[in-house]
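Peer 1: What follows is a structure written as structure tokens; I'll ask about it next.
A short reminder: the numbers here are calculations on the coordinates, not readings from a lab. Predicted model only: the values in this text are computed from it and were never measured. Quick reminder, even Gly has a Cβ in these numbers, built from the backbone with ideal geometry, and neighbours come from all protein chains shown.
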Amino acid sequence: MAFPLNLKAIGYGFATFIAGSLAMSVVATSIAIVGPSSIGEAGWSLLSLLGYSVPIAAGYVAAYFAPFKRVLHGTIGGAIGVVLLLAPALLVPQYPVAGIPIIVAWYAALASLGAIFGNYRRVKLGP
């Protein structure tokens, strides 16, 4: 029996998640170094909303490159990044472990939205 998932597509989604997270971290760090009043409260809210676009983009990329079961690949490719980012939190005894499944489910839902759009674009453009 063949392996039912395309690891290349999931890897593209994971790489997109990591690159997006790193880009958002660099932007937030550089803004924080300048000072809290440099962008104001609305700017921090916008930066937070842009952070939620990272799993959407990762799900889109994974679904776009998947040859079959695109929504499944997009959901896995977009959510696997947050699982690996939250794994070190299990080593901290004070971290509320009960919140981790909620965060993973939220990011998986966002990734599936991106995957649905990626599936739509791939079907529309053809093989």
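Peer 1: Roughly how tilted is helix 40-51, in degrees to the nearest 10 and between 0 and 90, from the longest Cα axis of the chain?
Peer 2: On a 0 to 90 degree scale, this one is about 20.
Peer 1: Treating the angle as unsigned and between 0 and 90°, give the value, to the nearest 10°, between the Cα long axis of helix 70-86 and the longest Cα principal axis of the chain.
Peer 2: Approximately 30 degrees, to the nearest ten.
Peer 1: Please report 17, 3, 68 as a ranked list, fewest other C-beta atoms within 10 angstrom at the top and most at the bottom.
Peer 2: Neighbour counts put them in this order, fewest first: 3, 68, 17.
Peer 1: Taking Cα centroids, how far is segment 64-102 from segment 2-50 in Å?
Peer 2: Comparing the Cα centres of segment 64-102 and segment 2-50, I get a distance of 15 Å.
Peer 1: Taking Cα atoms, how many degrees apart are the long axis of helix 100-125 and the longest axis of the chain, rounded to 10 and kept between 0 and 90?
Peer 2: Relative to the chain, helix 100-125 is tipped by roughly 50 degrees.
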